[in-house]
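One structure is given here, and the rest of the page talks about it.
The values are calculated or read from the model by the stated rules, or taken from the named source; none is laboratory data. The model shown is predicted, which means the values in this text are computed figures rather than measured ones. Glycine also receives a Cβ, built like all others from the backbone with ideal geometry; neighbour counts cover every protein chain displayed. Note: accessible area is taken over every heavy atom of the protein model, side chains too, but ligands, DNA and RNA are not part of it. Shrake-Rupley method; radii C 1.70, N 1.55, O 1.52, S 1.80 Å.
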Amino acid sequence: MKQDSTRNIAYTVDCEDYVHVVKFNPFESGDACSLIAYGGNNYVVVGLCRFQEEDVEVEGMQYKTLKTFHHGIRVDAIAWSPETRLGTLTPQLRFCTAASDRKLRLFTSDLQDKNEFKTFDGHSDYINDLVFAPKEGQEVASVSDDHTCRVWDLEGNEKAHFVLRSPGMSVCWHPEEDFKLMVAEKNGTIRFYDLITQQAILSLECEQTPLMSADWCLKNTLKIGAVAGNDWLIWDITRSSYPQDKRPVHADRARLFRWSRVNENLFATTGYPGKTTTQLLVHHLGHPQPILTGTAAVGSGLTWHRTLPLCAVGGDHKIFFWVTEM
């Protein structure tokens, strides 16, 4: 694991495949290291990371692959289950993937003999995002280009089905609001659904398209962020259904928006992969300009560490890590 001073990439991990998606485990797993999963053309790889920013005995970054899961098809999205546990006698890894064949796959492994996966069928078009219920992890929600958001149990049965007015781009489930689901649509609308009544209860408007990605702030349930067109947009849902703050950031259209998990004013956005590079920008709401600019060769995916102001992007046979200030 080498430190990379060019383009201020803090660390890189070499991978055997093109990395289409990368995801830190957002839940406490009972281990001092952080779990990270990345998806390629045929495989999902789960590894452990430890950074010098959290452990003085680590020089730079330590990375170790725990397990490689054969997937057989390109991985487009990954969600971690809160039931993943490492610090127990029988460890359990559980995560779900979305793939280019419009199916969800639920993987469960004890890192030894037990390696199971189930396939969930139902979406009729490309699946853009998925998320586990954050408390118990007994349900998975997914959104698709087929204009639906679906909620599944762990057997693959459909428990709820919301008809959207355009492709579903992002779905979020907040640990403090576990009876609500946030769904962002490509047409610029973000809706909150009550999972008990299965009704829409609140909607936000971008007033611009295409909305490509949205996120619900972990540290402040009233804050929603998104990217649409070239801009990032921020809402305080108590104040208005229109954004309180927005700024043009990516000349070639913005692709992903992710809040930091440790600071409610810190977030990252990525641009569309251009001919050679993708731009990563880290923003702080107290600063007029991005506080960090990075580039990665044809990057994809964007994820924040659970406890550090550190984010990662996948790329061509690599994962790139950037460390920012709080």
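If you build a Gaussian network model of the chain, linking Cα atoms that sit under 10 Å apart, which residue out of Cys33, Cys206, Cys311 swings the most? Looking only at Cys33, Cys206, Cys311, the largest GNM fluctuation is found for Cys33.
Using a probe of 1.4 angstrom and keeping all protein chains present, the accessible surface of the chain works out to 42 square angstrom per residue.
Straight-line reach only, C-alpha to C-alpha below 22 angstrom: list the lysines that Lys223 could link to, leaving out same-chain residues fewer than 8 apart. The qualifying lysines are Lys23, Lys135, Lys180, Lys186, Lys246. Here the simple spin-label model places points 7 Å from the Cα toward Cβ, and for Asn115 and Asp316 these points are separated by 3.0 nm. Charged side chains reduced to their Cβ positions (Lys and Arg at +1, Asp and Glu at -1) give the chain a dipole of some 480 debye around its Cα centre. Near Arg74, the amide H atoms lying under 5 Å from its own belong to Ser100; only residues 5 or more places off or on other chains count, and H is placed 1.01 Å from N. By accessible area, using a 1.4 Å probe on protein heavy atoms only, the stretch 11-323 has 45% of its surface on carbon and sulfur.
Look at (i) 18.4, 52; (ii) 20.5, 63; (iii) 30.9, 98: the one that is Rg and Dmax of the Cα atoms in Å derived from this structure is (i). Test of understanding: given the chain, find the longest segment containing no trypsin sites (Lys or Arg not before Pro) that are in a DSSP loop and have at most 15 other Cβ atoms within 10 Å. Result, exposed sites excluded: 3-113.
Relative contact order, whole percent, for the chain stands at 14, derived from Cα pairs under 8 Å and 6 or more residues apart.
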